[in-house]
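Taking it in order: structure first as structure tokens, then the write-up.
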Amino acid sequence: MTFFEAKRPDKYSSQKEVEDKVRKILYAAKIPFEEFYKHVETDKNGNISNLEFINAMRKLNLGLKQKELDALILGFEGEQTGKIKFTEVMKKFQPE
């Protein structure tokens, strides 16, 4: 069992709720996607480590709790390997 599996939220719907919350915060704060990208994809290799992602969310000061960050990480396909494709992040957080 990985660290993130141990922290898996009880309700799977909470993951979608957190994604929606982040999308709304980014939109309301008028954070350009390029700015978001700059904070998240620091080594420019197209992949984001779980730690890079969490650090970026904290840098952006979105007011997310640790369990919300954990829920976000669990929503990415690469969560098990620790490598999240930035394209997947873009799909999740671009305004609908």
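Readers should treat all values here as calculations from the given coordinates under stated rules, not as data from a laboratory. These numbers come from a predicted model, not from an experiment. All Cβ positions, glycine included, derive from the backbone under ideal geometry; neighbour counts span all protein chains shown.
Points worth noting:
- Enumeration of residues in the range 36-66 that are touching a residue at least 12 places away in the same chain (Cβ under 8 Å) and outside any helix (DSSP H, G or I): Glu41, Thr42, Gly46, Asn47, Ile48, Ser49, Leu60, Leu62, Gly63, Leu64
- Identity of the residue in the range 67-96, part of a helix (DSSP H, G or I) and of a type in the set (Asp, Glu), that ends up surrounded by the most Cβ atoms within 10 Å (Cβ to Cβ): Asp70
- Restricting attention to the range 42-58 and to residues that are surrounded by fewer than 19 Cβ atoms within 10 Å (Cβ to Cβ) and under 12 Å from the mean Cα position of the chain (by Cα), the residue that is nearest to Phe86 (Cα to Cα) turns out to be Ser49.
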